[in-house]
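Below is one structure, written out as structure tokens, with a few remarks after it.
All of the numbers you see were taken from the coordinates with simple rules; none came from a lab. Because the structure is predicted, anything quoted here is derived from the model rather than measured. So basically every Cβ, Gly included, is an ideal-geometry build from the backbone, and we count neighbours across all protein chains shown.
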Amino acid sequence: MRTQVAIIGGGPSGLLLSQLLNRAGIATVVLERQSRDYVLSRIRAGVLEEGLAGLLREAGAGARMDRDGIVHHGCYLASNGKKFRVDFRAASGKSVMVYGQTELTKDLYAAQDAIGATVLHGAEDVALHDLTTDAPCVTWKDQNGQHRLECDFIAGCDGFHGVSRQAIPTQIRQNFEKVYPFGWLGVLSRTPPVSDELIYAAHDRGFALASMRNLMLSRSYIQVPLTDRVEDWSDDAFWQEFRARMPEDVATKLVTGPSVEKSIAPLRSFVSEPMRWGQLFLCGDAAHIVPPTGAKGLNLAASDVHYLFEGLSDHYLRRDDRGLERYSERALQRIWKAMRFSWWMTMLLHRFPEHDRYDRRMQNAELTLLQSSDAAQRVMAENYTGLPY
Ligand code: FAS
Ligand code: PHB
């Protein structure tokens, strides 16, 4: 087999890149280890920056998002019972789109099917070869045996646990990592959201987040110790703790219900540099992970895809390689700004076991500053709604 761009990973990064390239007349093959049902069973992000929403429309996969998505012009921050609103629109002129990653991935699969793109599921033992030559290739096996794909370029869109990042020699790679001493226990429930906009709540008992997928599907989170397991938490115990961490006026309105999905996600900040090695380009979680506090993970994958799509289009359509040569440097500039913002929101809103009274006063002072300062709210709003590509 031969193609122009081999894409490892059929999550949001890989599918969005494949869709954009194919619509520009550039041939791709997507190799995904899991089944489509498995990929679509994962519950992950919920907040899209305008940049990602725009890319979905450009890819011809934005119609359902524009019909079913909910535009949010602000969010609430709460601290020990009191909440205040950050008005994104007033502070940054931008908004966010609340639309689940699961739905976005469904839309991308449907768009790929509609244009007859090649997405191969069940690709096992994917391996990357000859990356620093002008004839790289990918091998893998499936129920039909061994396969080899010759290509010009490889996009590593295979997430944090994928093989692409590992294909870059360790003496070349620099990893930057911070692991947080807690996780997020998330519950999806067919209940009306407790608020019209997201509520990020800091509390002495720990962080909580009230989010949503639509007006009858809530996504709720509480900070839990890394030692906790999902089976330690009954639905009732979850709702009792969630209610205790929310402001009283919110807690009294809470409609609880059985969990449709319940999982614990660890929190880490991670960046691997560089994001290019020969003809391999890393994209999305394959290169970086952010704590979900700032809702940046999926949105950073989108800006990587934007830069890589531009570079590959310039190569094939305009015989100009400057975009590819600058890809890693350009993507990392935006990634590190989002890393900072996600780290800042995580440090601000969570309870850290090692924190003393002074640290908690600092958190309270930062929240009070945010509540009272237009300038502070502007910085938060500009980062939360998405810095320019
Ligand atoms: P993904 O990990 O989504 O996709 C990679 C794909 O590659 C997967 O389908 C995988 O099966 C495949 N793959 C892996 N290894 C392979 C191999 N060797 N061969 C072939 N295929 C392979 N972000 C937010 O913004 N907000 C959130 O609330 C949020 N919550 C999250 C919760 C969890 C539990 C996790 C893990 C992540 C969360 N994220 C969140 C981040 C998440 O949304 C990612 O940013 C997003 O999935 C990135 O998309 P991809 O880069 O495509 O990586
Ligand atoms: C979600 O709805 O899953 C969500 C929203 C905002 C975040 C994290 C997760 O910061």
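Cut-off is 10 Å between beta-carbons; in what order do TRP336, TRP343 appear when sorted fewest neighbours first? Kindly include the intermediate steps, with their values, before the conclusion.
Details: TRP336 14, TRP343 17.
By the 10 Å Cβ count, ascending, the order reads TRP336, TRP343.
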Task: Low-density loop cleavage sites - trypsin sites (Lys or Arg not before Pro) in the stretch 280-381, where at most 12 other Cβ are within 10 Å (DSSP) - done: ARG319
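Take each of the peptides 3-14, 142-153, 181-192, average the number of other beta-carbon atoms within 10 Å over its residues, and list them starting from the highest.
Details: 3-14: 26.5, 142-153: 14.1, 181-192: 20.2.
For the peptides 3-14, 142-153, 181-192, the packing ranking is 3-14, 181-192, 142-153.
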Open item on the list: So for the chain, averaging the separation of alpha carbon pairs under 8 Å that are six or more residues apart and normalising by length, what relative contact order in percent results?
Closed with: 21
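Exposure proxy check: SER263, SER195 ranked by fewest other beta carbons within 10 Å? Write out the running numbers ahead of the final one.
Numbers: SER263 15, SER195 21.
Going from sparsest to densest Cβ surroundings: SER263, SER195.
Of all DSSP beta bridges located in the chain, what percent are antiparallel, nearest 5? Intermediate values should be presented prior to the final figure.
On the way: 55 of 75 bridges.
Restricted to the chain, the bridges split so that about 75 percent are antiparallel.
Nearest 500 deg cm²/dmol is fine: what mean residue ellipticity at 222 nm does the chain get from its DSSP H runs of n ≥ 4 alone, each adding -39,500 (n - 2.57), divided by its residue count?
Values: 12 runs with 145 residues, N = 389.
Rounded to the nearest 500, the figure is -11500 deg cm²/dmol.
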TODO: Just report the Cα centroid separation between the stretch 115-185 and the stretch 269-324, whole Å.
DONE: 14
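Compute the signed sum of charges (Lys and Arg +1, Asp and Glu -1) over the other residues within less than 12 Å, Cβ to Cβ, of ILE335.
On the way: positive: LYS296, ARG330, ARG334, LYS337, ARG340; negative: GLU273, ASP285, ASP304, GLU329.
Once positives and negatives cancel, what remains is +1.
What is the gain in length, in nm to one decimal, between LEU215 and ARG190 on full extension, counting 0.36 nm per residue of separation less the C-alpha to C-alpha distance? Show your work: numbers first, answer last.
Details: separation 25, 0.36 × 25 = 9.00 nm, distance 0.90 nm.
Here the segment from LEU215 to ARG190 would lengthen by 8.1 nm.
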Task: Taking N as its residue count, the alpha carbon Rg of the chain over 2.2 N^0.38 Å - done: 1.00
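Based only on other Cβ atoms within 10 Å, what is the fewest-to-most ordering of PHE341, PHE352? Mind dumping the intermediate values first?
Numbers: PHE341 21, PHE352 15.
Ascending Cβ contact count within 10 Å gives the list PHE352, PHE341.
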